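Just below is one structure, and these are the notes that go with it.
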Amino acid sequence: WLRDLHCHSRPGTSIDLAVLPNDLLRAIVNRLHAEMQKGQVTVRWRLQSVMAGVQMDANLLQQLLEDIISIALEAMPGGGTLGIETREVWEAGVVSFAEISISDTGPGREQGLLQAEGQADAETEARADRVHRFPRKGVGMPLIVRTVGHCGGSVLVQDGPGGGTRVTIALPVVG
């Protein structure tokens, strides 16, 4: 499916469609609701009420957003808050991009990288056991960045000063 992902991520292909980000995000969270509830993860929604459609294949965008959400859930094995925001970006009086932000209240990327590099302790091992509640089957951040770039968008990853990570995707709107 990776070959399809790369082919479908090129702008101007015949499968570029108007995808409504808010509807897609609601559907993804709906599907993950039971696991999130079990993992004590709550969702903080901040969706712009009326959003322009983005120019991307719906299945591709769904896969990318599911992967970002899965990464966020993995960062909060003891529970936390998943933030989901959307907004339109205006340039010269017209909507040019739709931004989708996914944030978590986990420790941030640096702490996660230290744990991944083998500096494990009892707490890390317990974390690894809990992470299996949110199994990730996605493509990973490097491919997300490349795919969004092929679609004419951008990805910004930010760590909060006290922990947590925010991933913001900006995608061109249809129109």
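The values are calculated or read from the model by the stated rules, or taken from the named source; none is laboratory data. Nothing here was measured: the structure is a model prediction, and the numbers come from that model. A quick note on method: Cβ atoms are made from the backbone with ideal geometry, for glycine too, and the neighbour counts reach across all protein chains shown. Note: areas computed on protein heavy atoms with side chains; ligands, DNA, RNA excluded. Shrake-Rupley method; radii C 1.70, N 1.55, O 1.52, S 1.80 Å.
Near Thr105: Cβ cut-off under 11 Å, other residues only, Lys/Arg at +1 and Asp/Glu at -1. The net charge is +1. Charge tally for Asn22 (other residues, Cβ to Cβ under 14 Å; Lys, Arg +1; Asp, Glu -1): -1. Report in % the part of the accessible area of region 19-76 that belongs to carbon and sulfur, leaving out ligands and nucleic acids; probe 1.4 Å. Within region 19-76, the accessible surface is 49 percent carbon and sulfur. The protection proxy used here, the mean number of other Cβ atoms lying within 10 Å of each residue, ranks peptides 18-24, 34-40, 87-93 as follows, highest first: 18-24, 34-40, 87-93.
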